[in-house]
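One structure below.
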Amino acid sequence: LSALPTVEINELNRPFHDGLRKGRLMLQCCPNCATKWLPARQACPRCLHADPEWTASAGLGSVRSWVVFHRAYHPYFRDRVPYNVALVRLDEGPQLLTNVLTSSQGPEIGIGARVGLRVVEQEGVHLAKFEILPGRTG
Ligand SMILES: [Zn+2]
């Protein structure tokens with residue numbers, strides 16, 4: 001079995017990965033203009049303030065777009081197809097590409113579906129995934 005494609009952890013994104021290990025989704029935020037964003041970068045994308053801070057997301061968002069991969073483009077995923085890749089917009093604003101965990105009995109993924117963070121450990125790496133929350137869409 002091929003190894004999970006590696007995630008490079010560096011000084012810039014370390015707080016993001018440390019947060020996931022504790023079950024939290026960390027966002028960067030600007031102390032000057034209050035913009036929040038992902039992935040980590042050196043400066044605020046809006047006002048270029050160069051000393052961003054970190055804050056925990058509530059872990060709630062909605063699905064903006066999604067696709068299902070039926071073909072593995074890396075050997076690691078050969079036994080894992082089909083799987084979805086979804087663009088989730090957090091309630092705080094940032095968007096991330098992720099997977100929405102689904103089951104045959106559970107609600108189906110769809111645009112506008114409300115989702116909640118579910119940190120999943122795969123081979124020692126903690127990944128931010130989401131599960132569909134019951135109730136309203138939109
Ligand atoms: Zn800013």
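Looking only at residues that are surrounded by 13 or more Cβ atoms within 10 Å (Cβ to Cβ) and touching a residue at least 40 places away in the same chain (Cβ under 8 Å) in region 65-86, which one is farthest from ASP18 (Cα to Cα)?
So in region 65-86, the residues surrounded by 13 or more Cβ atoms within 10 Å (Cβ to Cβ) come out as 66, 69, 72, 76-77, 83-86.
From what is left, the residues that are touching a residue at least 40 places away in the same chain (Cβ under 8 Å) are 66, 76, 86.
Numbers: TRP66: 27, TYR76: 24, ALA86: 23 Å.
Checking each candidate, the answer is TRP66.
Which of the residues that make up region 32-47 are under 22 Å from VAL88 (Cα atoms) and either within 13 Å of the ligand (Cβ to nearest atom) or touching a helix residue (DSSP H, G or I) at 6+ places or on another chain (Cβ under 7 Å) (or both)? Hits for region 32-47 are ALA34, THR35, LYS36, TRP37, ALA40, ARG41, CYS44, PRO45, ARG46. Is it fair to say ALA50 is more than 8 Å from the ligand (Cβ to nearest atom), assigned to a loop (DSSP other than H, G, I, E, B) and under 17 Å from GLN95 (Cβ atoms)? Answer is no for this residue. Inclusion of ALA58 among residues that are part of a loop (DSSP other than H, G, I, E, B), under 30 Å from CYS33 (Cα atoms) and away from the ligand (no atom under 14 Å from the Cβ) is warranted.
Of the residues making up region 85-112, those that are in contact with a Gly (Cβ under 9 Å, 6 or more places away or on another chain), part of a strand (DSSP E or B) and of a type outside the set (S, T, N, Q) are VAL88, ARG89, LEU90, LEU96. Condition (residue is more than 14 Å from the ligand (Cβ to nearest atom), without any contact (Cβ under 8 Å) to a residue 12 or more places away in the chain and exposed (fewer than 12 other Cβ atoms within 10 Å of the Cβ)) applied to region 21-31: is it met by at least one residue? Within region 21-31 (the criterion being more than 14 Å from the ligand (Cβ to nearest atom), without any contact (Cβ under 8 Å) to a residue 12 or more places away in the chain and exposed (fewer than 12 other Cβ atoms within 10 Å of the Cβ)), the answer is yes, since at least one residue qualifies.
Go over the candidates ALA40, ALA34 one by one and state the one that is surrounded by fewer than 20 Cβ atoms within 10 Å (Cβ to Cβ), out of contact with any Lys or Arg (no Cβ under 6 Å at 6 or more places or on another chain) and touching a residue at least 24 places away in the same chain (Cβ under 8 Å). Talk me through it step by step, then tell me what you get.
Values: ALA34 fails: touching a residue at least 24 places away in the same chain (Cβ under 8 Å).
Only one candidate qualifies: ALA40.
Laboratory data are not the source of any read-out in this text; all were calculated from the coordinates shown. Computed from a predicted structure; not experimentally measured. A quick note on method: Cβ atoms are made from the backbone with ideal geometry, for glycine too, and the neighbour counts reach across all protein chains shown.
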